[in-house]
Amino acid sequence: MKKQVSGTIMLHLNNGSKCFLVHNVGKAKEFAKTEVEPGKTVLASFLNFLKKQLQVDVNEISLVELTNTQSAGVSLPLYVFEATENVHIELPSDYAWEAPESVREILGNVPIEGVPLF
């Protein structure tokens, strides 16, 4: 099994609320994830995913949390970036901005440990 990395972007809206990037897989929701690219660090692999898949200008986001989670005995780094509403991000149809409750739901549905609760 190839090593994967996951993450989300916490978007600060102009009205003071927050929403999070989630990946819709059928009726389920999960964090965005990608495989670690050969010869690249875990962080570089995830940043490349954000640039290529979501057209995110990675110079416009900030890393605010890194937690190394475990799921089914497999180490899974979880990155949380933040951005303002003014950052241009093109979401494919299977990605969406969701309220913090969706992130809590994802965390509650996956057997993971040591993650931040937003």
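Observations
- Phi to ³J(HN,Hα) by Karplus 6.51 cos²θ - 1.76 cosθ + 1.60 over region 93-109, Hz, x for Gly, Pro: 4, 8, 10, 8, 8, 10, 5, x, 4, 5, 5, 4, 5, 4, 5, x, 9
- Within straight-line cross-link reach of Lys52, aspartates and glutamates at Cα separation under 14 Å, skipping those fewer than 8 residues along the same chain: Glu35, Glu37, Glu90
- Taking amide H as placed 1.01 Å from N in the peptide plane, the amide H of Val36 sits under 5 Å from that of Lys3, Gln4, Val5, each at least 5 places away or on another chain.
- Per-peptide packing, taken as the mean over residues of other Cβ atoms within 10 Å, places 15-22, 45-52 in the sequence 45-52, 15-22 from highest down.
- Over the chain, dividing the summed -39,500 (n - 2.57) contributions of all DSSP H runs of at least 4 residues by the number of residues returns a 222 nm mean residue ellipticity of -6000 deg cm²/dmol.
- Segment Thr41..Val87, full-extension length gain: 14.1 nm, with 0.36 nm per residue of separation and the alpha-carbon distance subtracted.
- Projected label points at Lys33 and Trp97, each 7 Å from Cα along the beta carbon direction, are separated by 2.6 nanometres.
- Projected label distance in nm at Leu54 and His12, using a 7 Å step from Cα toward the beta-carbon: 1.7 nm
- Annotation for Val25 and Asn109: the two label points, set 7 Å from Cα along the Cα-Cβ direction, are 1.0 nm apart.
- Percent of beta bridges antiparallel (DSSP, the chain, rounded to nearest 5): 75 percent
- Per-peptide average of other Cβ atoms within 10 Å, ordering 34-41, 76-83 highest first: 76-83, 34-41
Each value in this text was obtained by applying a stated rule to the coordinates, not by laboratory testing. No experiment lies behind these values; they were computed from the predicted model shown. Cβ: placed from backbone, ideal geometry, glycine included. Neighbour counts: every protein chain shown.
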